[in-house]
Amino acid sequence: MHNTPSSLLLRIGICGRTNTGKSSLLNLITGQKTSITSAIPGTTTDIVTKRMELSPLGPVVFLDTAGIDDLSQLGEERVRRTMQRLGTIDIALIVLEADVWTEFEEALVAHCRQYAIPMVFVVNKCDLHTPSSLFLDTCKHISPHSVCCSTQEGDREAFMIELKHLLIALCPDEFLHSPPLLGDLLSPQQEHPLVVCIVPIDLGAPKGRLILPQVQAIRDALDCNASVVVVKEHQYVHFLSNLKCPPDLVICDSQIVGFMVEHTPPEIMCTTFSILFSRFKGDIVQLATGAAALTTLRAKDSVLIAEACTHHPSIDDIGRVKIPRWIATHCNPDIAITHCAGCDYPDDLSRFRLVIHCGACTLNRREMLWRMEQAQQVHVPITNYGIAISVLHGVLERTLSPFPRALSAYQQARADFSA
Ligand SMILES: Nc1nc2c(ncn2[C@@H]2O[C@H](COP(=O)(O)OP(=O)(O)OP(=O)(O)O)[C@@H](O)[C@H]2O)c(=O)[nH]1
Ligand SMILES: [Mg+2]
């Protein structure tokens, strides 16, 4: 987090009148006494910044500002500085007291509108005063995003869940930009990189085309000036043995991951399309950590297999047939499997021991991160098809080796489970 240049951090400003509880809010969010608070208005004078890792958004920075209603001579300068800094934020948390709306709130709203900064109203001190529905409706009219809280007596966990939901929804797109699909795995020193894709054309393959993750991987490799060869698994060994130089990267469909690992010399980097997507659409470290739960499944445990798109399952469907079969063979034959597809992703995941999500090629990153967050909120491990299939075939250490952070998170999680 500390290595991230500050220009790349999501900047969240906490603003409002003096004494509304801005600093107390920052302390609630960080779970620490980050900012000094007191009953005396004007406690915060200089802006307090606090960096924080806010999963699944990544590193963010909060700015606790001075109250904008400080009309003393020094106060004027503070207000000027606060307003200046508020022009640089990505999201504003405007802290209000229930049923109090003044010219200062008006000024903040006008400022946010001027700079097109999304606003969240945080109605604080609800332990002292419950906001009227008229007040809440008025707030909603200005910005649909508001949350009621008490920084003193509120439930931090519940508040953080609500806040994260709002931040994911309001966060500008560039902060959710996907990491590269595969380009960074190819060495910049290699002038003519070669990527080999092993694509089984079986009954499950759609007629007349490749599937989206394969197409995107090929396109990304071409964008990185790599040559790409696509082979069926039957041609792979012959093709590899005839190459003058080894390929820089081999990618296969997860279903044949055991075959790829068996026939690819250890010095050649190899992974699966779905593992590439676990990083591209989600958080590969969290998904790798979640996969460790597969090694601890016991009879009667419930596992959710979640698909992003609705499709008619084939007789050997990966999510409906193959993964359940591999779980029964390699984990326990008595695991209760539930499936969901499309927007049927359950709101409450707490009854599951593990969620195995598809590669999410039809979801945007925001949606996938939110699904992961829903699992994390109830402490349910989540992984994706590619990582799970590699675990079930005993080859994850190989296919995750291009991503050392994810690999060590997986190994750590396994060690934690067995401790
Ligand atoms: N009862 C109650 N008191 C609160 C709450 N939040 C903050 N306070 C109190 O309100 C006072 C002001 O809190 P601060 O967090 O210092 O407020 P601030 O907005 O940062 O104030 P300035 O820095 O002066 O602008 C303190 O006495 C807090 O203990 C709350 O949710 N409930
Ligand atoms: Mg303060």
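The values are calculated or read from the model by the stated rules, or taken from the named source; none is laboratory data. Small disclaimer: the values here were computed from a predicted structure and weren't measured. Please note: Cβ atoms are built from the backbone with ideal geometry, for glycine as well, and neighbour counts cover all protein chains shown. Heads up: the accessible areas ignore ligands, DNA and RNA and are worked out on the full protein's heavy atoms, side chains in. Shrake-Rupley method; radii C 1.70, N 1.55, O 1.52, S 1.80 Å.
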- Pick out the one residue from Glu53, Glu77 that is among the acidic types (Asp, Glu), in a strand (DSSP E or B), more than 16 Å from ligand 2 (Cβ to nearest atom) and free of Cβ contacts under 8 Å to residues at least 60 places away in the same chain. Glu53
- Item | Residue within segment 143-162 that is touching an Asp or Glu at 6+ places or on another chain (Cβ under 8 Å), under 25 Å from Trp370 (Cα atoms), at pLDDT below 90 and open to solvent by 20 Å² or more (accessible area, probe 1.4 Å) present | yes
- Query: Of all residues in segment 77-108 being among the small types (Gly, Ala, Ser) and in contact with a strand residue (DSSP E or B) (Cβ under 7 Å, 6 or more places away or on another chain), which is surrounded by the fewest Cβ atoms within 10 Å (Cβ to Cβ)?
  - Reply: Ala98
- Could you check Trp101 against (1) among the hydrophobic types (A, V, I, L, M, F, W, C); (2) in contact (Cβ under 8 Å) with a residue 24 or more places away in the chain; (3) more than 23 Å from Asp127 (Cα to Cα) and say which number it fails? (3)
- Query: Can you tell me which residues in segment 13-29 are assigned to a helix (DSSP H, G or I) and more than 6 Å from ligand 1 (Cβ to nearest atom)?
  - Reply: Leu25, Leu26, Asn27, Leu28, Ile29
- Task: Could you figure out which of (1) touching a Leu at 6+ places or on another chain (Cβ under 6 Å); (2) loosely packed, with under 13 Cβ neighbours inside 10 Å isn't true of Pro118?
- Result: (2)
- Message: Can you find a residue that is open to solvent by 10 Å² or more (accessible area, probe 1.4 Å), of a type in the set (Val, Ile, Thr) and at pLDDT 95 or above anywhere in segment 336-345?
- Response: yes
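State all residues of segment 109-125 that are away from ligand 1 (no atom under 16 Å from the Cβ) and of a type in the set (Lys, Arg); if no residue qualifies, say none.
Matches in segment 109-125: Arg113 only.
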- Message: Every residue in segment 36-47 that is near ligand 1 (Cβ under 9 Å from one of its atoms) and β-branched (Val, Ile, Thr), please.
- Response: Ile36, Thr37, Ile40, Thr43, Thr44, Thr45
- Query: Of all residues in segment 49-76 being among the β-branched types (Val, Ile, Thr) and away from ligand 1 (no atom under 13 Å from the Cβ), which is surrounded by the fewest Cβ atoms within 10 Å (Cβ to Cβ)?
  - Reply: Thr49
- Query: Do you know which of the residues in segment 237-289 that are among the small types (Gly, Ala, Ser) and under 22 Å from Ile382 (Cα atoms) is surrounded by the fewest Cβ atoms within 10 Å (Cβ to Cβ)?
  - Reply: Gly282
